[in-house]
Amino acid sequence: MYKIVIVGGGAGGLELATKLGNKLGRKGKAHITLVDKNHTHLWKPLLHEVAAGSLDDGIDALSYRVHAKSHGFNFKLAALKNIDRAAKIIQLDKIIDPDGTEILPESTLDYDILVMALGSVTNDFNTKGVSDNCIFLDNPQQAKRFHHLMLNKYLQLGVKETNKVSIAIVGAGATGVELSAELYNSLEQVSSYGFEHINNTDLKVSLVEAGEKILPALPERISSSAHQELLNLGVDVRTKTMVTEATKAGLITKDGELIEADLMVWAAGIKAPNFLKDIGRLETNRINQLVVKQTLQTTLDDNIYAIGDCASCPLPQGGFVPPRAQSAHQMASLVAKNIFATLKQKPLREYKYTDYGSLVSLSNYSTVGSLMGSLTKGSMKVEGSLARLVYASLYRMHKVALHGYIKTALMMLVERINRILRPRLKLH
């Protein structure tokens, strides 16, 4: 039986495994295996909400093993170590418990088609002190660590001669901007759960960006609108400010200024995981992404595909496909079609990226962005209720790809009920 292995259970990898499992695995036409080093999946654009406490990942996270059972594929808990392209085998590292106990030994898995969907991690550009003093938001564990430290700082207010919690965020892309707004929303919620002594003046958020403006990927009019919203909330927005070092006391800028901070988040760039750089002797770029052809097959091996943030896919007009959730979704759909074509010995299709625009959520305060497509004849600025509705629909589309329309509708109903039954903020 044809063996298809997908490494990485992010948005693209899990959607692909689900689609292949439903179409091929259930019918016994192929053996599908999803490999991931975590037990659960959480949509990465939601990590800033986990960090702020607005989202409980224990409720919203999806179990890979349970999902695999329902959709005709297998799940293997493991981390990729290497690829033997000649033997068509991937080598998987051992799983070690936090206390150092080995849970699972090293193992191997053979494949006919391998799909790399490992996503991306934060790029600190080797800036001095960042890895030791800043928190990244690459996974739920890091987001929960930030949340825990933030709550501890709130507890110390008025007790340990602390009169303000200072949080500095480096990088004013979507993650940095959304986290800045979400922190003020969580502060409002905290004050209603036994922290009556806390108010808006007790939080100082500094958003630091090296470029000319925040949200550099979006048009000026949208960036300016988001900038003003953040200022209205009280965020200290600093553009044209390069950070050269992170210390325990805060961030040091190129001009020698110290931006004091109790907590620091680095969200200034992305790269593919470092171990991909020379894996399987495949072609990679300077940020470790696997270079792919228009069919999304890697340039040196047609049996290996790459999708999502770990793939470097050129655009016909120049540049490369941006690392967005919509890109991963589109790539997963294309690779599924190409795998179906391979099994039927038909020609493969080429990937054509469609930009549907970008939206940035400023928590409960506002949503801004641009929509693109045939109906708008270019780009159209959207904000407010319409933008929030479209923003929410992006996550719904991901859920529909995983669960179908009926189950997604039921999940939406449960979410509404939970808004009444559960606290609005996670306090543990």
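The values are calculated or read from the model by the stated rules, or taken from the named source; none is laboratory data. Keep in mind that this is a model prediction, so the values were computed, not measured. A quick note on method: Cβ atoms are made from the backbone with ideal geometry, for glycine too, and the neighbour counts reach across all protein chains shown.
Worth pointing out:
- Close Cβ contacts (under 9 Å, 6 or more residues apart or on different chains) running from residues in region 113-132 that are without any contact (Cβ under 8 Å) to a residue 24 or more places away in the chain and assigned by TED's automatic domain parsing to the domain that holds LYS88 to residues that are surrounded by 23 or more Cβ atoms within 10 Å (Cβ to Cβ) and among the hydroxyl-bearing types (Ser, Thr, Tyr) are absent.
- For first residues located in region 6-33 and closer than 26 Å to GLN91 by Cβ and touching a residue at least 24 places away in the same chain (Cβ under 8 Å), partners that are surrounded by fewer than 24 Cβ atoms within 10 Å (Cβ to Cβ) and among the basic types (Lys, Arg) and lie 6+ apart or on another chain with Cβ distances below 8 Å form the pairs GLY10/LYS44; ALA11/LYS44; ALA30/LYS3; HIS31/LYS3; THR33/LYS3; THR33/LYS76.
- Test result for ILE83, surrounded by 18 or more Cβ atoms within 10 Å (Cβ to Cβ), over 28 Å from PRO45 (Cβ atoms) and among the β-branched types (Val, Ile, Thr): yes
- Condition check for LYS164: surrounded by fewer than 19 Cβ atoms within 10 Å (Cβ to Cβ), in contact with a helix residue (DSSP H, G or I) (Cβ under 8 Å, 6 or more places away or on another chain) and closer than 26 Å to LEU92 by Cβ: no
- When the criteria are applied in full, GLU257 fails the requirement of being at pLDDT 95 or above and not assigned by TED's automatic domain parsing to the domain that holds ALA181.
- Screening ALA246 on (1) in contact with a His (Cβ under 9 Å, 6 or more places away or on another chain); (2) crowded, with 21+ Cβ neighbours inside 10 Å shows it passes everything except condition (1).
- Within region 48-60, no residue that is in the same structural domain as GLU188 (by TED's automatic domain parsing) sits with its Cβ atom under 9 Å from a residue that is of a type in the set (Val, Ile, Thr) at 6+ positions apart or across chains.
- Count of residues meeting criterion [closer than 19 Å to HIS41 by Cβ and charged (D, E, K, R)] in region 94-144: 2
- Among (1) among the acidic types (Asp, Glu); (2) at pLDDT 95 or above; (3) not assigned by TED's automatic domain parsing to the domain that holds ALA52 - the single one ASP309 does not satisfy: (3)
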